[in-house]
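Enquirer: Take a look at the following structure, please.
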Amino acid sequence: MTAAVRTIATQPFDDQRAGTAGLRKKVQVFQQANYLENFVQSVFDTHPGFAGTTLVLGGDGRYHNDTAIQTILAMAAANGVARVIVGLGGIVSTPAASHLIRKYDAHGGFILSASHNPAGPRGDFGIKFNIRGGGQAASALTDAIYARSCEIDRYRCVDADTIDLHNLGTQTLGDLTIEVIDTTEDYAELMESLFDFDAIRALLTSDFRFAFDAMHAVTGPYAKRLFVERLGASPDSVRNAVPLPDFGGGHPDPNLVYAADLADEVITRGALDFAAASDGDGDRNMILGRGLFVSPGDSLAVLAANARLIPAYRDGIAGAARSMPTSRALDAVAAQQGFEAFETPTGWKFFCNLLDAGRIAVCGEESFGTGSDHVREKDGLWAVMAWLNLLAARRGESVADVLQAHWKTFGRHYYERHDYEDLSGEQADRVMQALRQQLTALPGRQFEGLTVTVADEFSYDDPIDGSRAEGQGLRVVFGDDARIVVRKSGTGTSGATLRLYLEERRSDEWELTLPTREVLSALASVADTLCGLREHTGRDAPSLIT
Ligand code: G1P
Ligand code: ZN
């Protein structure tokens, strides 16, 4: 049945430039008439070749997810898309969406999420467009979409009844076919193709104490399918497994602050052998072992060092990458094991060319993001599976044993990120400027016994497509011993957030299990001296330390 295409007049908004990962705004902003429509039509107008193709659509289930999906379906029908694959209930995790785009050779997909940002009518909403192959649109495309959004004067849609997203099956809307599928099946199959399910099942059905916290967000159904149904874990090992539109009022960012109860249970009380949590849209992960927290930079390094234990990487990895602020623990592994290591700007999109070219197999960011070449997004559950596979293969060793052995071989990179949230743009800029203007004078200077070897503003030349990204954060490097990095966040929806990253390497055996705060306190004061953090922000302490 054909449906009449309507062309609706609209006026541009001036704030639809994508940040580090798509367009994120307050829900109220997205609720303005034509706001979402303008952005989506700008994508249809800018990226070529939608007619007659397949798209993937879904989100993390947060408030406004279902309304937005209905809008996008009506617009896809009017813009000539042939088929849209939608997750049951409108739910698709970010890594699962990337997988579906690849598996069904889709022309791209719209992922509706503001990651770990709080949800609900007063919370945040977001949208990003991923291209064929499953990766986030590169800067050239997001810039073009933004340019289009600044001049858009009409969008296209069809009149449609509400599409039922809660039953599996096929529906039509004009010439568009809409398939509602259970994406947890596809995802579980993908995991089965990568990991040793028998070994993991043996671990999870032994006396190994395991929990996964979905934080009332998108990973609940995936984790149930995977851990409980496919791998035999007990049903109560998957917690907070029903995605809620307001994420239960919580802040689904898996770190020691927002997953404090789980951390207390595992770290302080030692009540579990291994636990993990994921964020709103399922791309982040936090790994905990009895008595300890695995810093994301260490997690990446350990997984890279042990990649051969995972069936998918049995023959070793060609290379690995980390974002610039992420600890250099990975580099130490690469140097010893002889694989190529890359340093990219913050944001997963910078890994995609390297993944596509087969130059790297694993990659990660300090912000609790780890992943591999199986999709083109970071993948929280993948990281949990990778750790379980590793522990199953090194049966008998605890997470602490694995880490200690790792540090003994490669040294330990103590690491912290200090976030200063809700600053004014001027405050954040003053801090950046204070450091920027000293950069050229810093090499050779000594602070707390450390000598500056490099001080610069990071820029990146993509080795695959030659594109250049500038202004990607300020860094002060003290050889292999330590580093201070400062950059402005690109994902916030109010005010400015400044991130200070501190890293210090220790390699003597007695120095491998010191409290992180103690190790980094001198470096933190060096950072304050160099950037005038307290002076320019008027804050005595960061808002959040992870
Ligand atoms: C933050 C993280 C970054 C991550 C992004 C999306 O971006 O720092 O590593 O890729 O969220 O999850 P930022 O707010 O720092 O720009
Ligand atoms: Zn996320």
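Enquirer: Restricting the count to DSSP beta bridges whose residues both fall in the chain, what percent are antiparallel, rounded to a multiple of 5? Mind showing how you got there, number by number?
Expert: Working: 66 of 95 bridges.
In the chain, approximately 70 percent of DSSP beta bridges are antiparallel ones.
Enquirer: Which cross-chain or sequence-distant (5 or more) residues have an amide H under 5 Å from the amide H of residue 90, H modelled 1.01 Å from N in plane?
Expert: Under 5 Å from the amide H of residue 90: no residue qualifies.
Enquirer: Right, here's the next one. How much net charge surrounds residue 108 when only other residues with a Cβ under 12 Å from its Cβ are counted (Lys, Arg +1; Asp, Glu -1)? Working shown, then result.
Expert: Numbers: positive: 102, 128, 132, 376; negative: 105.
For residues surrounding residue 108, the net value is +3.
Enquirer: Listed highest first by mean packing, meaning other Cβ atoms within 10 Å per residue, what order do 238-248, 280-290, 265-275 come in? If you can, show how the numbers build up before the last one.
Expert: Numbers: 238-248: 19.8, 280-290: 28.7, 265-275: 17.8.
Listed from highest to lowest mean packing, they are 280-290, 238-248, 265-275.
Enquirer: Residue by residue through the stretch 301-318, which ³J(HN,Hα) values in whole Hz follow from phi under the Karplus form 6.51 cos²θ - 1.76 cosθ + 1.60 (θ = phi - 60°), with glycine and proline marked x?
Expert: The phi angles translate into 5, 5, 5, 5, 5, 10, 4, 5, 6, 8, x, 4, 10, 3, 8, x, 10, 6 Hz.
Enquirer: What ranking, highest mean first, results for peptides 71-79, 116-124, 23-31 when packing means the other Cβ atoms within 10 Å averaged over each residue?
Expert: Details: 71-79: 24.1, 116-124: 20.9, 23-31: 19.2.
Going from most to least packed, we get 71-79, 116-124, 23-31.
Enquirer: Using θ = phi - 60° and the Karplus relation 6.51 cos²θ - 1.76 cosθ + 1.60, list the HN-Hα couplings for the stretch 37-48 in order, rounded to whole Hz, with x at every Gly or Pro.
Expert: Values per residue, Gly and Pro as x: 4, 4, 5, 5, 5, 4, 5, 4, 6, 9, 7, x Hz.
Enquirer: Right, something else. To the nearest 20 debye, what is the magnitude of the charge dipole of the chain about its Cα centre, counting +1 on the Cβ of each Lys and Arg and -1 on the Cβ of each Asp and Glu? Walk me through the numbers before you get to the answer.
Expert: On the way: 51 positive and 73 negative charges, 47 e Å.
I would put it at about 220 debye.
Enquirer: Show that you can apply the helix-only estimate: for the chain, add -39,500 (n - 2.57) for every DSSP H stretch of four or more residues, divide by all residues, and state [θ] at 222 nm to the nearest 500. Could the numbers behind the result be given before it?
Expert: Details: 17 runs with 166 residues, N = 546.
After summing the helix terms and dividing by the residues of the chain, the value is -9000 deg cm²/dmol.
Enquirer: Another one. Which whole-angstrom value gives the distance between the alpha carbon centres of the stretch 195-230 and the stretch 476-531?
Expert: 34 Å
Enquirer: Here's another thing I want to ask about it. Label the chain by shape, choosing from rounded, prolate and oblate, from the square roots a ≥ b ≥ c of the eigenvalues of the Cα gyration tensor; if a/c is under 1.5 it is rounded, and otherwise prolate applies when a/b is larger than b/c, oblate when it is not.
Expert: Values: a/c = 1.81, a/b = 1.28, b/c = 1.41.
Cα axes put the chain in the oblate bin.
Enquirer: Give me the percent relative contact order of the chain, please, defined on Cα pairs under 8 angstrom at least 6 residues apart. Mind dumping the intermediate values first?
Expert: Values: 1255 pairs, mean separation 71.8, N = 546.
It comes to 13 percent, rounded to a whole number.
Enquirer: Strictly over 31 Å apart at the Cα level, which of 26/378; 378/408; 25/378; 103/224; 224/408; 103/128 would you flag in this model?
Expert: Numbers: 26/378 24 Å; 378/408 28 Å; 25/378 22 Å; 103/224 22 Å; 224/408 36 Å; 103/128 19 Å.
Listed pairs above 31 Å: 224/408.
Enquirer: Oh, and also: For the stretch 205-331, what is the relative contact order in percent, using Cα pairs closer than 8 Å and at least 6 residues apart in sequence?
Expert: Working: 212 pairs, mean separation 28.5, N = 127.
Contact order relative to length: 22 percent.
Enquirer: Sticking with this structure for a sec: Highest mean first, how do 390-402, 511-523, 134-146 rank when packing is the count of other Cβ atoms within 10 Å averaged over residues?
Expert: Working: 390-402: 16.6, 511-523: 14.9, 134-146: 19.2.
The packing order, highest mean first, is 134-146, 390-402, 511-523.
Enquirer: Would you work out what percent of the accessible area of the chain, with all protein chains in place, is carbon or sulfur (probe 1.4 Å)?
Expert: Within the chain, the accessible surface is 46 percent carbon and sulfur.
Enquirer: Next question, about the same structure. Where both residues lie in the stretch 1-147, what percent of DSSP beta bridges are antiparallel, nearest 5? Mind showing how you got there, number by number?
Expert: Numbers: 11 of 21 bridges.
Here the share of antiparallel DSSP bridges comes out near 50 percent.
Enquirer: How far, in degrees from 0 to 90, does helix 183-194 lean away from the longest principal axis of the Cα atoms of the chain, to the nearest 10?
Expert: Between helix and principal axis, roughly 40 degrees.
Enquirer: Using each residue's phi in the stretch 320-331, evaluate 6.51 cos²θ - 1.76 cosθ + 1.60 at θ = phi - 60° and report the 3J(HN,Hα) Karplus result to the nearest Hz, with x for Gly and Pro.
Expert: Values per residue, Gly and Pro as x: 8, 9, 9, 6, 3, x, 5, 4, 7, 4, 5, 4 Hz.
Enquirer: Could you work out how far helix 425-436 tilts from the main Cα principal axis of the chain, as a 0 to 90 degree angle to the nearest 10?
Expert: On a 0 to 90 degree scale, this one is about 40.
Enquirer: Normalising by the residue count of the stretch 170-257, find the relative contact order in percent from Cα pairs under 8 Å and 6+ residues apart. Walk me through the intermediate numbers first.
Expert: Numbers: 92 pairs, mean separation 23.5, N = 88.
Over the stretch 170-257, the number comes to 27 percent.
Enquirer: So what's the gap between the Cα centers of the stretch 9-53 and the stretch 103-158, to the nearest angstrom?
Expert: So the two Cα centres are separated by 7 Å.
Enquirer: Mind grabbing the accessible area of residue 162 for me, 1.4 Å probe, Å², rounded to tens?
Expert: Looks like 120 Å² after rounding.
Enquirer: What does the charge count near residue 12 come to, summing +1 for each Lys or Arg and -1 for each Asp or Glu among other residues with Cβ under 14 Å from its Cβ? Mind showing how you got there, number by number?
Expert: Working: positive: 17, 148, 154; negative: 14, 15, 37, 45, 151, 153.
After counting each charged neighbour, the total is -3.
Enquirer: Using the heavy atoms of the protein chains and a 1.4 angstrom probe, tell me the accessible area per residue for the chain in square angstrom. Mind dumping the intermediate values first?
Expert: Details: 19960 Å² over 546 residues.
Per-residue value: 37 Å².
Enquirer: Give the distance, in whole Å, between the Cα centre of the stretch 328-365 and the Cα centre of the stretch 398-445.
Expert: 19 Å
Enquirer: Which of rounded, prolate or oblate describes the stretch 349-443 when judged by the alpha-carbon gyration tensor and an a/c cut-off of 1.5? Before the final figure, lay out the partial values.
Expert: Working: a/c = 2.25, a/b = 1.68, b/c = 1.34.
Because a/c hits 1.5 or more and a/b exceeds b/c, the stretch 349-443 counts as prolate.
Enquirer: Based on the alpha-carbon gyration tensor of the stretch 169-260 and its eigenvalue square roots a ≥ b ≥ c, which shape applies: rounded if a/c is under 1.5, prolate if not and a/b is larger than b/c, or oblate?
Expert: Values: a/c = 2.81, a/b = 1.30, b/c = 2.17.
Because a/c hits 1.5 or more and a/b fails to exceed b/c, the stretch 169-260 counts as oblate.
The values are calculated or read from the model by the stated rules, or taken from the named source; none is laboratory data. Quick caveat: nothing in here was measured; it's all calculated off a predicted structure. Cβ coordinates were reconstructed from backbone atoms using ideal geometry, including for glycine residues, and neighbour counts include every protein chain displayed. Accessible surface is based on the protein model in full, side chains and every heavy atom, while ligands, DNA and RNA are left aside. Shrake-Rupley method; radii C 1.70, N 1.55, O 1.52, S 1.80 Å.
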